[in-house]
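One structure is given here, and the rest of the page talks about it.
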Amino acid sequence: MSAAANASQPRTLALIAPSSTFNQARYEAGVALLGEQLALRKGAQLQRRAGYLAGTDAERLQELRWALGEPGVDALMAVRGGYGATRLLGELS
């Protein structure tokens, strides 16, 4: 595919929450901004909560695996970073 044809297609970004919970207003502002230039796919676990984390380790790992393997996704972005993501690293292969 030529660079010109490729430039007309929006890139697809997967949004996931592999760590801590996040500020909803800031998330929505970021989604609005990113959505102007990119096609967004939001992880199914984004709104989960388990204590200070955005879901259980199993839920967050499932979402990370989804984003890494989802056909058509060009990149992934964590809506918030933190220690919770490091708990998942040993489970990735």
(Q) Condition (residue is among the aromatic types (F, W, Y) and crowded, with 17+ Cβ neighbours inside 10 Å) applied to region 25-32: is it met by at least one residue? (A) yes
Q: Please list, ordered by first then second residue, the pairs with beta carbon atoms under 6 Å, 6 or more apart or interchain, first in region 50-62 and in contact (Cβ under 8 Å) with a residue 12 or more places away in the chain, second assigned to a helix (DSSP H, G or I).
A: L53/G84; L61/E91
(Q) Residue under question is T21, and the condition is that it be hydroxyl-bearing (S, T, Y) and crowded, with 17+ Cβ neighbours inside 10 Å; does it hold? (A) yes
Q. In this structure, is Q9 loosely packed, with under 11 Cβ neighbours inside 10 Å and either in a loop (DSSP other than H, G, I, E, B) or at positive phi (or both)?
A. yes
**Q.** Single residue of region 41-67 satisfying the filter (farther than 11 Å from I16 by Cα and touching a strand residue (DSSP E or B) at 6+ places or on another chain (Cβ under 7 Å)) that is most open to solvent (accessible area, probe 1.4 Å)
**A.** Y52
**Q.** Index of the failed condition, L61 passing every other in (1) within 11 Å of the chain's Cα centre (by Cα); (2) within 21 Å of Y27 (Cα to Cα)
**A.** (1)
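The values are calculated or read from the model by the stated rules, or taken from the named source; none is laboratory data. Only a predicted model underlies this, so the values are computations on that prediction, with no experimental measurement involved. As a convention, Cβ positions derive from the backbone with ideal geometry for all residues, glycine included, and neighbour counts pool all protein chains shown. We work out accessible area using only protein heavy atoms, side chains counted, and drop any ligands, DNA or RNA first. Shrake-Rupley method; radii C 1.70, N 1.55, O 1.52, S 1.80 Å.
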